[in-house]
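Some notes on the structure that comes next.
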Amino acid sequence: MQLNFKWGFRGIFAKNNTLYTLLRNILFKAPPEKVHYFSMNCLKMATTLGIGETIVKNLFQYKPTSLAKDVMGLHFPNPVGLGAGFDKNAAYLHELEALGFGFVEIGTVTPKGQPGNDLPRLFRLPADKALINRMGFNNEGVAAVKERLINWNSRGKSVGDLIIGGNIGKNKITPNEDAWKDYSICFNELHDQVDYFVVNVSSPNTPGLRALQEKDALTKIFSELQHHNAGKKKPKPLLLKIAPDLTKEQLDDIVDLSLSMNLSGLVATNTTLDRSNLSATSALLSESIGMGGLSGKPVQKRSTEIVQYISTQTAGKVPIIASGGIFTGADAEEKFSAGASLVQVWTGFVYEGPSIVKNICKYLAEKK
């Protein structure tokens, strides 16, 4: 009975995720943020019951041991992660683990909770398989996130568990010259609770934040963080997330910085301000949305170019987590061929649904 039940559900979700496509068409009629929380809370309810969790895992997990990777001194059960911004407050780790993610990056977390920018601030562009967001680092603050992570980690950890990254930022009201203080607060508060850190200075949705991508500003931030890290009993990998809009000269500065400051890796890339690659969305619609970072398929090519450039310039010495336009196994393979060590999805998760990790992992495993 149980076996037939399980396989019956698998059949429903087989072949192009037909059910999710139908469901997505309905959900896309509602505001994106409301749908986000509605969907994740439904998943939370489904996994609360033992049988519900078993069904979700049987439907969406794919765990060949051949995909496990050791990167930055960490053991990733598979190389497909979820990018920052999806689970800002570490509220859905159990549910995301059930969907088969190898790692999840929580945040962006700031020292104090903040509401972010005014609504609406998240927009779908289905014709281009893209999103535009201007969220503005909305989160509950480092204390609330830390408490959830303490509860998460209290269950004990073992080899093959979900890897948690902490994406950290500065509060909107903090001036850039004091930004290092905000990053230090988040780093120290979350140090014992996450597996690695990502410094986010590349979001286009906090005024002036991207100015921190300049070499002098980054040197100040990472000098402080590396000083704190060296004093810890168990130092954590420290990465930088960069924008796809950087010039060649700025990328060269990032490469120099990553080597001179002994960064553990780079995340490439964040969202873009460039909308020239919107091929199917009208300019009128794009303009009516206003400011915000563009993600999804229009960023894929530029993201891959940056991954390849950084990998070449560093001779592969700096691990890269690739993000940008990853919807399928072939998209992920493109990033790995360019030099990525791991990949992250976000917009692809919205459009492809809960089967995205399984589909990518299955594709990669069959290519081995």
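For region 209-216, does any single residue satisfy the condition of being assigned to a helix (DSSP H, G or I), aliphatic (A, V, I, L, M) and more than 23 Å from GLU305 (Cα to Cα)?
The answer is yes; a qualifying residue exists.
Filtering region 325-344 down to residues that are touching a helix residue (DSSP H, G or I) at 6+ places or on another chain (Cβ under 6 Å) and under 22 Å from TYR20 (Cβ atoms), which residue is surrounded by the most Cβ atoms within 10 Å (Cβ to Cβ)?
Out of the qualifying residues, it is ILE326.
Would you point out which residue out of GLY113, GLY160 is open to solvent by 20 Å² or more (accessible area, probe 1.4 Å) and without any contact (Cβ under 8 Å) to a residue 40 or more places away in the chain? Even if it seems obvious, please write down each step before you answer.
On the way: GLY160 fails: without any contact (Cβ under 8 Å) to a residue 40 or more places away in the chain.
Only one candidate passes the filter, namely GLY113.
Kindly establish whether LYS301 is touching a Gly at 6+ places or on another chain (Cβ under 9 Å) and not acidic (Asp, Glu).
yes
Any idea which of THR219, THR269 is hydroxyl-bearing (Ser, Thr, Tyr), open to solvent by less than 10 Å² (accessible area, probe 1.4 Å) and in contact (Cβ under 8 Å) with a residue 12 or more places away in the chain?
THR269
What's the total number of residues in region 310-368 that are without any contact (Cβ under 8 Å) to a residue 12 or more places away in the chain and among the polar types (S, T, N, Q)?
1
Scanning for something outside any loop (DSSP other than H, G, I, E, B), in contact with an Asp or Glu (Cβ under 6 Å, 6 or more places away or on another chain) and open to solvent by less than 30 Å² (accessible area, probe 1.4 Å), does region 125-133 turn up at least one residue?
Initial filter on region 125-133 (outside any loop (DSSP other than H, G, I, E, B)): 125-128, 130-133.
When the remaining residues are screened for being in contact with an Asp or Glu (Cβ under 6 Å, 6 or more places away or on another chain), the result is none.
No, region 125-133 contains no residue that is outside any loop (DSSP other than H, G, I, E, B), in contact with an Asp or Glu (Cβ under 6 Å, 6 or more places away or on another chain) and open to solvent by less than 30 Å² (accessible area, probe 1.4 Å).
Return the total of residues in region 314-368 being out of contact with any strand residue (DSSP E or B) (no Cβ under 8 Å at 6 or more places or on another chain) and not in a helix (DSSP H, G or I).
9
Of the residues LEU285, LEU278, LEU364, which single one is surrounded by fewer than 18 Cβ atoms within 10 Å (Cβ to Cβ) and closer than 30 Å to VAL35 by Cβ?
From the options LEU285, LEU278, LEU364, the qualifying one is LEU285.
Hey, among the residues in region 16-61 that are part of a helix (DSSP H, G or I), aromatic (Phe, Trp, Tyr) and open to solvent by less than 70 Å² (accessible area, probe 1.4 Å), which one's modelled with the highest pLDDT?
Across region 16-61, the extreme among qualifying residues is PHE60.
Of the conditions (1) open to solvent by 10 Å² or more (accessible area, probe 1.4 Å); (2) touching a residue at least 60 places away in the same chain (Cβ under 8 Å); (3) under 23 Å from the mean Cα position of the chain (by Cα); (4) on the phi < 0 side of the Ramachandran plot, ASP252 fails just one. Which one is it?
The number of the failed condition is (3).
Within region 256-266, does at least one residue satisfy the condition of being open to solvent by 60 Å² or more (accessible area, probe 1.4 Å), in a helix (DSSP H, G or I), more than 26 Å from ASN78 (Cα to Cα) and in contact with a Lys or Arg (Cβ under 8 Å, 6 or more places away or on another chain)?
Start the filter on region 256-266 by keeping residues that are open to solvent by 60 Å² or more (accessible area, probe 1.4 Å), which leaves 256, 259-260, 262.
From what's left, in a helix (DSSP H, G or I): 256, 259-260.
Within this subset, residues satisfying the condition of being more than 26 Å from ASN78 (Cα to Cα) are 256, 259-260.
If we keep only those that are in contact with a Lys or Arg (Cβ under 8 Å, 6 or more places away or on another chain) as well, we get 256, 259.
Yes, region 256-266 contains at least one residue that is open to solvent by 60 Å² or more (accessible area, probe 1.4 Å), in a helix (DSSP H, G or I), more than 26 Å from ASN78 (Cα to Cα) and in contact with a Lys or Arg (Cβ under 8 Å, 6 or more places away or on another chain).
Among the small types (Gly, Ala, Ser) and under 19 Å from PRO32 (Cα atoms), is that true of ALA91?
Working: among the small types (Gly, Ala, Ser): yes; under 19 Å from PRO32 (Cα atoms): yes.
Taking the combined requirement at face value, the residue satisfies it.
Looking only at region 318-331, decide whether some residue is within 18 Å of the chain's Cα centre (by Cα) and acidic (Asp, Glu). Talk me through it step by step, then tell me what you get.
Within region 318-331, the first condition is being within 18 Å of the chain's Cα centre (by Cα), and the residues that meet it are 319-329, 331.
If we keep only those that are acidic (Asp, Glu) as well, we get 331.
Looking through region 318-331, at least one residue is within 18 Å of the chain's Cα centre (by Cα) and acidic (Asp, Glu).
Yes or no, residue by residue, for (1) in contact with a Lys or Arg (Cβ under 9 Å, 6 or more places away or on another chain); (2) aromatic (Phe, Trp, Tyr); (3) buried (at least 20 other Cβ atoms within 10 Å of the Cβ):
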{"site": "TRP152", "(1), (2), (3)": "no, yes, no"}
{"site": "TYR183", "(1), (2), (3)": "yes, yes, yes"}
{"site": "GLU189", "(1), (2), (3)": "yes, no, no"}
{"site": "ASN205", "(1), (2), (3)": "yes, no, yes"}
{"site": "ALA211", "(1), (2), (3)": "no, no, no"}
{"site": "SER223", "(1), (2), (3)": "no, no, no"}
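Looking only at region 66-87, how many residues end up being outside any loop (DSSP other than H, G, I, E, B) and within 22 Å of TYR196 (Cα to Cα)?
Number satisfying all stated conditions: 10.
The values are calculated or read from the model by the stated rules, or taken from the named source; none is laboratory data. Only a predicted model underlies this, so the values are computations on that prediction, with no experimental measurement involved. All Cβ positions, glycine included, derive from the backbone under ideal geometry; neighbour counts span all protein chains shown. These accessible areas exclude ligands, DNA and RNA; they are computed on the full protein's heavy atoms, side chains included. Shrake-Rupley method; radii C 1.70, N 1.55, O 1.52, S 1.80 Å.
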